[in-house]
Amino acid sequence: MTDTKTQSPTDAELVRVFRARFDYHPTTGHLCHKGSTAPITEDTSSEGYLRVRVNGTIYGVHRIAWAISHGELPLRIDHKNRVRSDNRLQNLRAATTSQNNMNRPMHRGKGVNLKGVSFHKRSKTYRARIKINKTSHWLGQFACANSAALAYDRAATYFFGEFAMTNFELGLLEASEANHE
């Protein structure tokens, strides 16, 4: 009896296929079929990623761009500026799932629209928390929302480094507020 399952190609095989089929322009982020100057833009996922089908499998253009440029396929590739269709090489970086999640904007929920900040009704104070490796960490209780947001920003910068997405970077705090604390 023969095994009819098809094996997934290895990363090295994918890199060879990608390099044989596509040209990537790192300064513009455009991926083109060999022999064409038209960038691939026709297929966008519901999340905003540009995609292309290769041998029956759909790949993100950012993954192909990284593979062509670096000769490897990391588990995740993060878009530094969070624009999922911006595939310039300077905007891409290899990341773990956790690091990729650190660069996400906040989830809009009820109450305070500041990342890492919630309002505690009973005490009428603002609480700051940060999630690190799926564990929530208490950062303190504050009289004003901006102070709690700054506590979150400091912790995010410390723990997440270049992957941190702070309230200030999201435009939720003014520079004068950030410098005041």
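Ser8 passes every criterion in (1) over 30 Å from Lys134 (Cα atoms); (2) modelled with pLDDT under 95; (3) out of contact with any Ser or Thr (no Cβ under 9 Å at 6 or more places or on another chain) apart from (3). Count of the stretch 110-157 residues, restricted to those that are of a type in the set (A, V, I, L, M, F, W, C) and without any contact (Cβ under 8 Å) to a residue 12 or more places away in the chain, is 1. Highlighted here are the helices (runs of 4 or more DSSP H) found entirely within the stretch 1-105 that include at least 2 residues which are out of contact with any Cys (no Cβ under 8 Å at 6 or more places or on another chain) and among the charged types (D, E, K, R): 11-21. Flag: Leu89 does not match the condition of being free of Cβ contacts under 8 Å to residues at least 24 places away in the same chain, out of contact with any Asp or Glu (no Cβ under 8 Å at 6 or more places or on another chain) and aliphatic (A, V, I, L, M). Within the stretch 92-108, the residues that satisfy the criterion of being within 15 Å of Phe160 (Cβ to Cβ) and either free of Cβ contacts under 8 Å to residues at least 24 places away in the same chain or touching a strand residue (DSSP E or B) at 6+ places or on another chain (Cβ under 6 Å) (or both) are Arg93, Ala95, Thr96, Thr97, Asn100, Asn101, Asn103. For the stretch 116-157, the tally of residues that are part of a loop (DSSP other than H, G, I, E, B) and either open to solvent by 80 Å² or more (accessible area, probe 1.4 Å) or within 23 Å of Ile77 (Cα to Cα) (or both) stands at 6.
Scanning the stretch 71-88 for residues that are open to solvent by less than 50 Å² (accessible area, probe 1.4 Å) and of a type outside the set (S, T, N, Q) yields a total of 7.
Is it the case that Ala20 is at pLDDT 95 or above, open to solvent by 50 Å² or more (accessible area, probe 1.4 Å) and among the aliphatic types (A, V, I, L, M)? In short, yes. Take the conditions (1) in contact (Cβ under 8 Å) with a residue 40 or more places away in the chain; (2) in a helix (DSSP H, G or I); (3) buried (at least 19 other Cβ atoms within 10 Å of the Cβ); Phe160 misses just one of them, which is (3). Taking first residues from the stretch 1-18 that are of a type in the set (A, V, I, L, M, F, W, C) and partners that are open to solvent by less than 60 Å² (accessible area, probe 1.4 Å) and at pLDDT 90 or above, the Cβ contacts under 7 Å between residues at least 6 apart in sequence or on separate chains come to Leu14/Ala67; Leu14/Leu73; Val15/Ala67; Val15/Gly71; Val17/Val54; Phe18/Ile64; Phe18/Ala67; Phe18/Ile68.
When the residues of the stretch 51-95 are narrowed to those that are of a type in the set (D, E, K, R) and within 11 Å of Pro26 (Cα to Cα), which ends up modelled with the lowest pLDDT? Going through the qualifying residues, I end up with Asp86. Based on what the data block shows, is Phe168 under 17 Å from Asn101 (Cα atoms) and under 20 Å from the mean Cα position of the chain (by Cα)? No. Set side by side, the residues Leu114, Leu139 differ, and just one is touching a helix residue (DSSP H, G or I) at 6+ places or on another chain (Cβ under 6 Å) and modelled with pLDDT of 95 or more, which is Leu139.
The values are calculated or read from the model by the stated rules, or taken from the named source; none is laboratory data. A quick note: this is a predicted structure, and the numbers were derived from the prediction, not measured. Cβ coordinates were reconstructed from backbone atoms using ideal geometry, including for glycine residues, and neighbour counts include every protein chain displayed. Each accessible area value is taken on the protein alone, full model and side chains, heavy atoms only, with ligands, DNA and RNA left out. Shrake-Rupley method; radii C 1.70, N 1.55, O 1.52, S 1.80 Å.
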